[in-house]
Amino acid sequence: MKNNTLNKGKAGRPNMRRMETRLSIRANREELEAWKQTGREAGFHNLASYFRSLMSSRYFVNNEKKHLLAELNEATNQVARCGNNLNQIAHHLNAGGHEDASRAVSECRDIIKTMKRIIMDIRR
């Protein structure tokens, strides 16, 4: 009988899940709390298991990112089209002496800028 004293758990059984190395990461309190909350929302009991899952699912994360970016780009295009239509409506209304619609056009432009910022953040 082979005597294996390394990695033994309870009752002399080998502990196959024993972690042999440690990975540490620095974060400020806000980041740490945000990560913990995200992990809990994703169904993880602790931050370590959440991070292990993220690190081992690189392929999924990259595909999910690509899908999300495609959806955001499409949404940005849709909002831009709405902005163009709104601009045409505003021009028509302003030409006819109706009330100024430039505020609505400005809001559309702000939405487009925000969406573009989100896309850039995801790409990082």
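Computed from the coordinates by the stated procedures, all read-outs in this text should not be read as laboratory data. Computed from a predicted model, the values in this text were never measured in an experiment. All Cβ positions, glycine included, derive from the backbone under ideal geometry; neighbour counts span all protein chains shown.
Values for this structure:
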| read-out | value |
| --- | --- |
| Reachable aspartates and glutamates, given that their alpha-carbon falls under 14 Å from the alpha-carbon of Lys66 and they are not under 8 places away in the same chain | Glu74, Asp121 |
| Simple spin-label estimate for Val79 and Phe51 in nanometres, 7 Å along Cα-Cβ | 3.3 |
